[in-house]
1. Work out from phi, with θ = phi - 60° and the Karplus expression 6.51 cos²θ - 1.76 cosθ + 1.60, the ³J(HN,Hα) of each residue of region 151-165, listed in order in whole Hz, and give x for Gly and Pro.
2. Extending each Cα 7 Å along its Cβ direction at Ala21 and Arg279, get the distance between those two points in nm, one decimal.
3. Could you tell me which residue out of Ala200, Ala47, Ile410 lies farthest along the dipole of the chain toward its positive end? Charges go on the beta carbon: Lys and Arg +1, Asp and Glu -1, centred on the Cα centre.
4. Roughly speaking, to the nearest percent, how much of region 104-197's 1.4 Å accessible area is carbon and sulfur?
5. Grab the Cα-Cα distance for Lys190 and His232, subtract it from 0.36 nm times how many residues apart they are, and report the gain in nm with one decimal.
6. Most mobile of Asn347, Asn62, Asn227 per a Gaussian network model of the chain (Cα springs, under 10 Å)?
7. Spin-label point model (7 Å from Cα, Cβ direction): what's the Leu366 to Asp319 distance in nm?
8. Where the only charges are on Cβ atoms (+1 Lys, Arg; -1 Asp, Glu), what is the dipole of the chain about its Cα centre, to the nearest 20 debye?
Amino acid sequence: MRTLRSLRGRLLLASLAGIAAASLLAAWLLGAAFERAVLGAFDRRLADDLVTVAGVLARDGNGQVRMRREPADGRYARVFSGHYWQVGEGPGAFRSRSMWDFAPVLPVAATDGALRLREVAGPRGQVLRSAERTIQLPGVDAPVRVWVASDQAILRREVEEFRWLAGLSFALLAAGLALAAAGQVRYGLKPLRGLGNGLAKVRSGEARRLDPAPLPTEVMPLAEHLNQLLEHHERMVARARRSSQDLAHALKTPLAVLDAGTQRPGHDLPALVAEQTARMRTVVERHLAAGTPVDLRGAAGVAAAVARLQPLLQAAHADKALSWDVQVPGALRFRGAEDDLEEMLGNLLDNACKWARGQVRVVAGLAAAGLWIEVRDDGPGLPPGQREAALQRGVRLDERTPGTGLGLAITADLAAGYGGQLVLDAAPEGGLCARLGLPAA
């Protein structure tokens, strides 16, 4: 059972079964072809012997058939030699010495002169292969029947010997092919063993990536996919580490405030605790959202996600009466979790709504690198020197605007987890353009 679970065992079993079946079939077909060829040669020899016997027949003075001499073939002179001939029928028939006193039981003769090949019983119960023909000699009134036969045991012995030799030959050939198949399987699976050794090195920390160069063409894509999976895992680990560090850093301030408040208790302590607890809850929720592993197996429609977020953000920023311009093809799909797409778009749209003076624009499309989504506003924008800083966790470039400073950083982290990126640039409308690059489904 363990062998059947092994790829090597499966390949060997399939190869051996195919070799055995092909060898048996080839041996049987070759034996059948040889038997047919030997039978044809046997029949031709009988026909030649019949012609030889007929060639010594002649007409006597009474208009009857006579034999000028007996055929010179010594096989017909030995008693019960297995080779027999007969001319005519009944008591007056001429018979070979090999028949002795045996008279074969023959079916009714055909009168059309055609050669007839059939099997009859021999003098010792053996099966004889016979050839007969009715011929008309010149000057003889009645046609005469000429019959020759040979023991089929001779034919069977030749066929059996050939089948045995053919079976032995194909058995040796099958054994050689089985050894070759075992070597082929071992050599063919060698790259997989190398792939396993490479993964073991990655697991032990001796290497960070698999080297696809020495692998065959068929296995190379697997190594490349595994490398992509390793890179994705590294990004997730780094993202989780950064998130935990940022969480610890973000909780320091509220914890310090609470500690200071407990050192000097007063009537405002409950309000202080409630305020700092709410702040810590917000920070924890943000970091939990940022630390969620990405899912590359899903697919989500971009236009549908924007359509779900737009009324929510319009209601949240109803005081600004923003106009929306959405140019997202309905066929665009993001390869990842729907929640992650909404988290990224929600952060970018919320940021655009905060800073926009009157308009928010969403544009998306496909490029060679994958899916791209741009969220633009007509607000004050950001100078080039501040765009990189805006992607840092907890950085708020304007303390007057409410927020935690985590939205853009979370979006950048999520995009990086999917192998994409978030880039901030100047929008044609005069404000900020947040361009999100993601894998397309």
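The values are calculated or read from the model by the stated rules, or taken from the named source; none is laboratory data. Remember, it's a predicted structure, so these values are computed and weren't measured experimentally. Because the Cβ atoms are built from the backbone with ideal geometry, glycine has one as well, and the counts that use them run over all protein chains shown. Ligands, DNA and RNA are stripped out before the accessible areas are found, and what is left, the full protein with its side chains, is counted by its heavy atoms. Shrake-Rupley method; radii C 1.70, N 1.55, O 1.52, S 1.80 Å.
1. Ordered by residue, 3J(HN,Hα) equals 5, 6, 4, 4, 5, 5, 4, 5, 5, 5, 4, 5, 4, 5, 5 Hz.
2. 7.6
3. Of the candidates, Ala47 comes out farthest on the positive side.
4. Numbers: 3330 of 5470 Å².
Summing carbon and sulfur atoms, their accessible area is 61 percent of the total for region 104-197.
5. Values: separation 42, 0.36 × 42 = 15.12 nm, distance 2.74 nm.
Result: 12.4 nm gained on full extension.
6. Asn62
7. 4.3
8. On the way: 54 positive and 46 negative charges, 348 e Å.
Computed charge dipole of the chain: roughly 1680 debye.
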